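Colleague: Sharing a structure here in structure tokens format.
Here, each number is a calculation from the coordinates, and none is a lab measurement. Computed from a predicted model, the values in this text were never measured in an experiment. Note: ideal-geometry Cβ built from the backbone for every residue, glycine included; neighbour counts use all protein chains shown.
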Amino acid sequence: ELPKKVKIVEVGPRDGLQNEKEAVPAAVKVALVDRLSRAGFLNIEAASFVSPKWVPQMATSTEVMASITRREGTIYSALTPNMQGFEAALASRADEVVIFGSASEAFSQKNINCSIAESIARFESVARAAKDNGLRLRGSISCAFGCPYQGEVPLDAVADVVARMRDLGCDEIDIADTIGVSTARKTQAVMQVAAQEFHVDRISGHFHDTYGQALANIYASLEVGVSIFHSSVAGLGGCPYAKGATGNVATEDVLFLMNGLGIETGIDIDQVVDAGQFISQHLGRKATSRAGNALVAK
Ligand code: HMG
Ligand code: MG
């Protein structure tokens, strides 16, 4: 039996925009986040406090966090790879900080410039500071289904990082398909391994749609009890450290699926479609959400 209710975490303002070449003005990001807040999301990834040399597009994060209109009950999350990032997130009143590691050694080096073991050691102080300050803590695990640098990622490696993130005190753990290579059965195998280490209702699926498999992977995850999914309005995005990676699964497509399945999300798809049109117009290209574009054409 599928879950009756899911949480959709909108990651467009962060994962969606972090790879844009042209700087997106903070005011546009704020307008996007505010539209998404009004659409009803309970969790929006709005910022990333990383090195601006590594990811220039996220350099506006403090400004964005200072200017958004926060909706009561919505969690505004920020990526924090180290204490410098944590301090900035705390000062900007993030509700949740995200430590982000990888199940692939090769990707860990490329993305955050250290080994998996070093990253976990670095996250310890961030995790402790989050707890001390009463912030939610989320752990994100990249390349849980495959890696652009090392190819296969063993199930044991995923289980190991999930256990480490759990031991750091994460409230939620994201199992991420950074390069969108997973397919339904593989997805179930990885999610089941993760669920042996951590409560399935606090595991989330973060699927990029590079190979067009994201919705199938979400459905497969629902079948094994996962009920939190990440998505990006208009299908924006791609990771700067995963060559050829395209955007996250489009939020409009996920909502269309959930609505069809009768699974509650609390989100108004029409307002999300409008938000998708807004940001796509700003970027000067057509949204890649199939459901979004179909609804606009209607
Ligand atoms: P490093 O060079 O090893 O760090 O980078 P460092 O501690 O030696 O610092 C070097 C410089 O960076 C110093 O500045 C620091 O101040 C600065 P300098 O003295 O040279 O002028 N610095 C910072 N500046 C601002 N905020 C900070 C910060 N930390 C250091 N927090 C580091 C290590 C982790 C910082 C770097 O590798 C980095 O920023 N990486 C970011 C990578 C990234 O953001 N990737 C995309 C997000 S992850 C993702 O998209 C995947 C996900 O969606 C899931 C999935 O799909 O897989 C989550
Ligand atoms: Mg991602």
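Colleague: Counting pairwise Cα distances across the chain, what percent come out greater than 28 angstrom?
Modeller: Tail of the P(r) past 28 Å holds 29 percent of the pairs.
Colleague: Ok, one more. When the scattering of segment 150-298 is computed by the Debye formula from its Cα atoms alone, each counted once and equally, what is log10 I(q)/I(0) at q = 0.14, 0.18 Å⁻¹?
Modeller: Once normalised to I(0) and log-transformed, intensities are -0.69, -1.06.
Colleague: Using Cβ counts within 10 Å as a stand-in for footprinting exposure, how do Ser102, Ser67 rank, fewest first?
Modeller: Ascending Cβ contact count within 10 Å gives the list Ser67, Ser102.
Colleague: Given Cα positions, please report Rg to Rh for segment 51-184, the hydrodynamic radius being the Kirkwood one.
Modeller: With Rg and the Kirkwood Rh in hand, the quotient comes to 0.98.
Colleague: Only counting other Cβ atoms within 10 Å, I'd like Lys286, Lys4, Lys53 sorted with the fewest neighbours first.
Modeller: Lys53, Lys4, Lys286
Colleague: I've got another one for you. Once Rh is set to the Kirkwood radius over Cα pairs, what Stokes-Einstein translational diffusion coefficient, in µm²/s, holds for segment 45-117 at a temperature of 10 °C and a viscosity of 1.306 mPa s?
Modeller: Taking Rh from Cα pairs, D becomes 123 µm²/s.
Colleague: Hey, could you pull the Cα Rg and Dmax for segment 220-298, both in Å?
Modeller: 13.3, 39
Colleague: Could you work out how much longer the chain between Ser115 and Ala91 gets when fully extended? Use 0.36 nm per residue separation minus the Cα distance between them, nm to one decimal.
Modeller: 5.8 nm
Colleague: Would you mind putting 248-260, 209-221 in packing order, based on average other-beta-carbon counts within 10 Å, highest first?
Modeller: Taking the mean over residues of other Cβ atoms within 10 Å, the ranking is 248-260, 209-221.
Colleague: Run lengths n ≥ 4 of DSSP H only: what is the helix-derived mean residue ellipticity at 222 nm for the chain, with -39500 (n - 2.57) per run over all residues, to the nearest 500?
Modeller: About -13000 deg cm²/dmol.
Colleague: Right, something else. Using θ = phi - 60° and the Karplus curve 6.51 cos²θ - 1.76 cosθ + 1.60, what whole-Hz ³J(HN,Hα) does each residue of segment 146-154 get, with Gly and Pro shown as x?
Modeller: Using θ = phi - 60°, the values come out as x, 10, x, 9, 10, x, 4, 10, x Hz.
Colleague: Then there's this: If each residue's Cβ is checked for other Cβ atoms within 10 Å, how do Glu152, Glu96 rank with the fewest at the top?
Modeller: Glu152, Glu96
Colleague: Put a dot 7 Å past each Cα toward the Cβ at Ala23 and Glu63; how far apart are the dots in nm?
Modeller: 0.6
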